[in-house]
Amino acid sequence: VSAGALVTGGLDFDGVDDTLNTSLVPPSTATLIGVATWDVEVVSTMIVGARDSSDQRSYLSQTSGGVIALGAADGAIGTDSAVVASTEYLAFGMYSGTDREISANSVNKVGSGTGPPANVTYGYNLGSFNDAGTVSGMMNGRIREIIVYPTDESANRAAIEANINDAYNIF
């Protein structure tokens, strides 16, 4: 709620200093889901993210290459299509062991990585990156929803995306 009115378009992050800190440390297996609209393209900005000082990370973001990506452990997997400013996206990322999966508006890509993140210190930031206690990757746009499951929900991806799309009519 802002000034007594329900905020239906999501929380609007200014790309400068807006963030929400959490104590939720990235689990060893996770599914990260976000509904976001970026105001800028080709800029590294986070929906949700955390990393420790040894580069053990977990995040869902737009990368400096302009794609939606899931970061886990010391690597990342990105979508094949670039983000378009002012377009709403439903991003779904999952990591479990060496398995990786990223989806943007129901277009899925599967990959692999080195293993799960070992960050047991720094919690997720919403709308930015908790970079070993320093804030970076500030979101410039709106976030309507963030869901973090401490499980591999890839078998349920289509149903989860359909349910969220029914609520927001994204694709």
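The values are calculated or read from the model by the stated rules, or taken from the named source; none is laboratory data. Only a predicted model underlies this, so the values are computations on that prediction, with no experimental measurement involved. Because the Cβ atoms are built from the backbone with ideal geometry, glycine has one as well, and the counts that use them run over all protein chains shown. The protein model used for the area step is the full one, side chains on, heavy atoms only, and it has no ligands, DNA or RNA in it. Shrake-Rupley method; radii C 1.70, N 1.55, O 1.52, S 1.80 Å.
Of everything in the range 115-124 that is touching a residue at least 60 places away in the same chain (Cβ under 8 Å) and touching a Ser or Thr at 6+ places or on another chain (Cβ under 7 Å), the residue that is most open to solvent (accessible area, probe 1.4 Å) is Pro116. From the list Ser136, Ser106, Ser96, the lone residue that is of a type outside the set (Phe, Trp, Tyr) and more than 22 Å from Val25 (Cβ to Cβ) is Ser106.
Scanning the range 86-114 for residues that are farther than 15 Å from Ala155 by Cα and either touching a residue at least 40 places away in the same chain (Cβ under 8 Å) or within 15 Å of the chain's Cα centre (by Cα) (or both) yields a total of 11. Among the residues of the range 28-45, at least one is over 14 Å from the mean Cα position of the chain (by Cα) and closer than 17 Å to Val148 by Cβ.
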